[in-house]
Structures are given as structure tokens and as C-alpha cells.
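The values are calculated or read from the model by the stated rules, or taken from the named source; none is laboratory data. Being a predicted model, the structure only gives us computed values, none of them experimental. All Cβ positions, glycine included, derive from the backbone under ideal geometry; neighbour counts span all protein chains shown. These accessible areas exclude ligands, DNA and RNA; they are computed on the full protein's heavy atoms, side chains included. Shrake-Rupley method; radii C 1.70, N 1.55, O 1.52, S 1.80 Å.
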Amino acid sequence: MNVAVFLLQALVQPVGQFLFEWGHFSTLRGFQMLEVWRLISFQFLHASIMHVGFNMLGLYFFGSMVEQYLGRKRYAAYYLMCGLSGGVLYLILNLVGAVGIPLPGALGVDTATPLVGASAGVFGVIVACAFIAPTTIVHLIFPPIPLKMRTVAYGYVAIAAINLFFLKGQNQGGDAAHLGGAIAGYFFIRRPHLLREFLDVFGNSSKPKARPGPKPGKRPKNTDDKEVDRVLDK
């Protein structure tokens, strides 16, 4: 879906412009104008082919492990929840910066600055892998050395945290979203039961199902009833 949306953005300009205008997340649109759907839709938009390429590469290599662990439906809920949490942390830090509160990580960017990309969800997926298979060896392309899964995952999180709180680079907003996705991933992979109703649009999965029983107006006969019937018949 991410690749399909990016191709529409790149190849069909009117459609791409429409998707960006109505799909990107910003503090202005998502919070001040209450366009809350953007917390989901921004995850399917990307700024460049490198942006979508690296995100989908990470999702391809790490996502299957998490999907097998959670199941398809909960995996989708987990991925989207991590992305949503990334948008929420971006929103909080942008509001902190906008009102001038001198807190570490406050984003000093305009509230209309757009946020796009699947990075927050991918960070959540990588953090989940660190919980599922912490000692699995991962052979990275860069640096070209074998590392344990937990080292890779928490190393990426540490880099995002350093960039956000200390270096304050150009992608400070993206780093805020990365951390939000990682925090949500750390929480939900240890409590997957909380994901049960995320995608239950047409029903409530926590509602206990009715147990099979006798039809209305009828009462099942117990042993005493049968004995009484036998005596009466006699």
C-alpha cells in the first residue's frame, strides 16, 4: 500500500497533490482543525523514493517476524498504532515548542509543518523484534558487521534520541515520530491483548459470545424429569 500510494504521488500529479493535502499530518491540521484521520493517513505518504525505499526495506526484513508472532490482524493493528503514536509524540513536542516551554526535544517548527512516512511504524516493528528474538544475529548492510537484534533495535532508538534531544538536526520532527513509534512498540508487544479491538469496526471482540443453549420456551430435561415421565407413562 505504501508503494502504491507513492507511485500515485509520483506519477499522477493531481492525485498525488490531493493525497498529500488530505493525508499529511501537522499540528495545525490534526490538532487545531481536528482532522484526526491524519494520524493514520500520514503513514502511507512519503517524501521521496529513498524515503519510501528504506522504510519498506526495514518493513520487509523485520515485519514477517512480528506478523508471525502476533498474527495478521494484530500485526496490522500494532503497526498502525506505532505510527499513530509517532504522530502523537510529534504533536506534543510541537505544541511544547510552539508555546515556548524550554523542554528537551521541543520542536521549534511551524505548526503547519507536514509529517509523512511509515518510519514510526517501522521503528515499532524493529523494537518488537528485539523482544521476540533478542539474540538473533542480524547482518547489516551498513555497517557490514553482524549484530544481535536487540543491539540493532535499541541502537536505532538511541540514534533517534540523540538527534532529537542533543543534535537537533534537520529531521528533528521525524526523530520525534521515530521515538513515539518505538515507545508504543515497546509497550504493545508486551501487551498484545490490548490490540484486539483496534480493527474491530463491525463488532466488539471482547464481548463474550452467547453460549449454545435450549431454545426459548423449552427447558432441558434432567435425570429426575425423565424418571417422572417414565413413572407417569407407566
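Can you pull the percent of Cα pairs in segment 24-149 with separation above 26 Å? Roughly 31 percent, once rounded to a whole number. Taking the square roots of 5 times each eigenvalue of the Cα gyration tensor of segment 10-93, largest first, gives ellipsoid semi-axes of 24, 18, 11 Å.
Using r as the Cβ-Cβ distance of V12 and S64, and R0 as 30 Å, what FRET efficiency do you calculate, to the nearest 0.05? Numbers along the way, then the final one.
Details: r = 31 Å, r/R0 = 1.02.
In this case the efficiency is close to 0.45.
The mean accessible area for residues of segment 90-186, using a 1.4 Å probe and ignoring ligands and nucleic acids, is 48 Å² per residue.
Taking the mean number of other Cβ atoms within 10 Å as a proxy for protection, how do you rank 56-67, 124-135, 77-88 from highest to lowest?
Numbers: 56-67: 16.8, 124-135: 21.6, 77-88: 25.2.
In descending order of packing, they fall as 77-88, 124-135, 56-67.
Taking every pair of alpha-carbon atoms in segment 24-71, give the share separated by more than 15 Å as a whole percent. Cα-Cα pairs in segment 24-71 separated by more than 15 Å: 60 percent. With R₀ set to 35 Å, the beta-carbon distance separating K168 from R72 gives a calculated FRET efficiency near 0.35.
Per-residue SASA remark: H46, around 10 Å² accessible (1.4 Å probe; ligands, DNA and RNA not included).
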